[in-house]
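Notes for the one structure printed next.
No value in this document is a laboratory result; all are computed from the given coordinates. The shown structure was predicted, so the numbers you read here are calculated from the model rather than taken from an experiment. Reconstructed Cβ throughout: ideal geometry from the backbone, glycine too, with neighbour counts over all protein chains shown.
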C-alpha cells in the first residue's frame with residue numbers, strides 16, 4: 001500500500017502540472033528534452049513542499065523519468081481527447097509503475113521474487129488448482145507467508161502486494177495491464193444497493209460542486225454531461241465558448257482534485273463515531289504483519 | 001446496537017439515489033483521485049469481513065464501509081471480490097441450467113400484462129392504470145435463488161444496454177421495480193433480448 005500512496009501522490013502532482021506537456025505530446029507526439037526536464041523539476045519542487053517517506057521515495061524515482069515519458073507518448077493525441085481526464089490518469093499510473101519497477105532493479109529482481117512466490121503459491125494451492133488469480137488464493141498465500149516466512153523481508157506479505165506480483169507475472173491473470181496501452185477502465189464505483197449511504201454522496205457531491213467557483217463548476221458539469229441540455233462534446237463547448245482546451249483541462253483537473261478532497265472530508269465525517277473504537281485495521285497498524 | 005448515523009431513511013435514500021445516478025460518472029472520477037490514507041489497514045481482516053458479508057447475512061462492519069469510502073486500495077479489493085463472486089455465480093447458473101438470457105419477443109405476443117419464464121426465472125410486466133406506470137418483477141425459483149450467494153445483486157438488462165431492474169433480491173428470491181423510460185417495455189422487447197447478470 002505504501003507504493004500505491006507514493007504513486008498517487010506523484011500522480012496527483014504530475015496530472016495537475018502536466019497540462020502543457022500533455023498538449024505538446026498530443027500535438028507533436030513528443031516533447032523537447034528541455035520542456036520535459038523543466039516539468040520534472042516543477043513536480044520535484046512540489047513534492048519537496050510536503051516532506052515525508054512517500055515524498056522521499058517519489059523524489060528518488062524522479063531520477064529516471066524516461067518510463068513515464070514513454071507511457072505518456074504512447075497515449076499521444078488521446079491526452080487531449082474527450083476522455084483526457086481518464087486517459088491521463090491511466091497513462092501516468094502506468095508510467096510511474098514502470099519507473100518503480102526499473103528503480104528497484106527492474107524486472108530481474110521482481111522476477112526472482114516472483115519465482116519464489118510462485119513456488120510457494122503452487123504448494124499452497126495444491127496440484128488441482130486451475131486458477132490461482134483470485135483474492136481467495138492471495139488471502140491464503142498472505143496468511144501462509146506471515147506464518148511460515150515471517151522473517152523473509154523479500155517476500156510480499158499483504159494481499160495487495162501479492163496481487164501486484166500476480167498481475168505482473170502470472171498467466172492465470174491474463175495480459176499485464178503494464179503491457180497494454182489501449183485500455184481505459186471506468187473508475188470503480190461501489191455498489192449502491194450494497195452501500196446505501198453511497199446515495200448520500202450524490203448530495204455531498206452537489207454540495208462540494210456548489211463550493212467551486214463558477215468556471216470550474218461549469219467545466220465539471222459540461223465534461224460530465226450534467227448540464228441541461230447536455231453538452232455532447234467538450235471540444236464543441238470549448239470551440240463555441242472560445243476556451244483554450246489546455247486551460248479547460250487544467251481547470252477541470254484542479255476542480256476534480258478539489259472535489260476529491262471535499263468528498264473525502266465529508267465521507268470521513270460520516271464515520272466520526274468510529275473514533276476511539278479499536279478496529280481490526282487499527283489493531284493491525286500497531287503491529288503490522290509487514 | 002452500534003449507532004450508524006450515516007444510514008439514511010428510505011425517502012432520503014431514494015431522493016439521494018436519483019441525484020447520485022445523475023452524477024455517478026463524476027463520482028467515480030472524483031473517488032479515483034483519492035490519495036491512499038497514511039494509515040495502512042490489515043487487508044487479511046478486510047477480505048475476511050467482506051467475504052462474510054458476501055457469502056452470508058453479515059452486514060459490512062462500519063470500519064469496512066469507512067475503508068471502502070476512504071481507501072482506493074480497499075475499494076479495489078472489494079470490487080475484485082464482488083467481480084470474482086459474480087463470475088463464479090454465473091458459471092454455477094450455467095452448470096445448473098438456470099436462464100441467463102431471454103429470447104426477443106414477437107410483436108403480436110406482447111400484452112399489457114405479461115409474464116415470461118425460462119428455466120428458474122420468471123419476469124412479469126404489469127401496467128398499472130392507477131399510476132399509469134409499468135411495474136416489473138423478477139422471481140427466481142428456489143433452486144436458482146439458492147445458487148446465488150446472499151451478498152450478490154441481480155441486474156436485468158436488454159440488448160440495447162438499458163437496465164430494467166437491479167438490486168438485492170428479497171428473501172423469497174424476488175425483485176420489483178418500476179419502469180422509468182419514455183419508451184414502453186413492449187417496444188424494447190420487440191427489438192432486444194433480455195439478459196441477467198450479477199454484481
Practice task
Compute the whole-percent fraction of alpha carbon pairs in the stretch A:31-136 spaced more than 24 Å apart.
Solution key: 45
Fill in the blank from the handout: Each label sits 7 Å from Cα toward the beta-carbon; between residue A:228 and residue B:129 the label points are separated, in nm, by 3.3
Problem - FRET efficiency, 1/(1 + (r/R0)^6) with R0 22 Å, evaluated for residue B:122 and residue B:184 via beta carbons - result: 0.65
Handout entry: Surface/4 of the Cα convex hull for the stretch A:42-94, nm²
Key = 4.0
Handout entry: Inter-part distance where the stretch B:41-74 and the stretch A:63-117 are each reduced to a Cα centre, Å
Key = 29
Exercise for the section: Fewest Cβ neighbours within 10 Å first, please rank A:155, A:205 accordingly. Expected result: A:155, A:205
Handout entry: Centroid-to-centroid separation of the stretch A:12-40 and the stretch B:160-189 [C-alpha atoms, Å]
Key = 47
